1. Just to be sure I understand, how many residues within the stretch 21-59 are more than 19 Å from Gly70 (Cα to Cα) and not in a loop (DSSP other than H, G, I, E, B)?
2. Tally time: how many residues in the stretch 60-95 are part of a loop (DSSP other than H, G, I, E, B) and under 22 Å from Lys27 (Cβ atoms)?
3. For the stretch 85-106, which residues satisfy the criterion of being polar (S, T, N, Q) and over 23 Å from Ile72 (Cβ atoms)?
4. Are any of the residues in the stretch 98-106 part of a strand (DSSP E or B) and either over 30 Å from Leu20 (Cα atoms) or at pLDDT below 85 (or both)?
5. Right, Ile6: of a type in the set (A, V, I, L, M, F, W, C), assigned to a loop (DSSP other than H, G, I, E, B) and surrounded by fewer than 15 Cβ atoms within 10 Å (Cβ to Cβ) or not?
6. Can you tell me which of (1) modelled with pLDDT of 85 or more; (2) within 17 Å of the chain's Cα centre (by Cα); (3) buried (at least 18 other Cβ atoms within 10 Å of the Cβ); (4) of a type in the set (A, V, I, L, M, F, W, C) is the one Leu44 doesn't meet?
7. So which of Glu95, Glu112 ends up being within 26 Å of Leu44 (Cα to Cα), surrounded by fewer than 19 Cβ atoms within 10 Å (Cβ to Cβ) and acidic (Asp, Glu)?
8. Do you know which residues across the stretch 107-127 are within 28 Å of Gly60 (Cα to Cα), outside any strand (DSSP E or B) and not β-branched (Val, Ile, Thr)?
Amino acid sequence: MQTQEIEVKNERILSIMNCLSPFLHGKETAIKLSLIAFFSRGHLLIEDMPGLGKTTLAIGIARALGLDFGRIQCTSDLLPSDITGLSIYNKNKGEFEFHKGPIFSNIVLVDEINRATPKTQSATRKQSFSTLRHG
């Protein structure tokens, strides 16, 4: 399969690409496409072998843009409230306090979503996020 080279003219995207490239050798296309998806307000699915920089890419984009980063490691025992957050009763104040889950971050990495139960997967689909799954 042959891919067409995408020319980037946006200075902000070029600046971020130059910042991240030294940490993600050989991933220039992944960086470029990730930034295009982000600035287009899209979702992103990255599939690659473990240890090749998918988490580093997501964290790097979040830091370069000054955004919050959240990570969800999917397992069979992950609950929807682990993603969305939950209300916990504070007996000193006599009221419930909501503790936000990672889905409220600006950039959310969902690792190995295929391991989560369907009910938990649907909790992630109700929010905008970037998805990551190991191949």
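1. Adding up the residues that qualify gives 10.
2. 3
3. Across the stretch 85-106, the qualifying residues are Asn90, Asn92.
4. For the stretch 98-106, residues part of a strand (DSSP E or B) and either over 30 Å from Leu20 (Cα atoms) or at pLDDT below 85 (or both): present.
5. The answer is yes for Ile6.
6. Every condition holds for Leu44 apart from (1).
7. After applying the criteria, what remains is Glu112.
8. Once the filter is applied, which keeps residues that are within 28 Å of Gly60 (Cα to Cα), outside any strand (DSSP E or B) and not β-branched (Val, Ile, Thr), the stretch 107-127 yields Glu112, Asn114, Arg115, Ala116, Gln121, Ser122, Ala123, Arg125, Lys126, Gln127.
The values are calculated or read from the model by the stated rules, or taken from the named source; none is laboratory data. Keep in mind that this is a model prediction, so the values were computed, not measured. For neighbour counting, all protein chains shown are included, and Cβ atoms are generated from backbone atoms with ideal geometry for every residue, glycine included.
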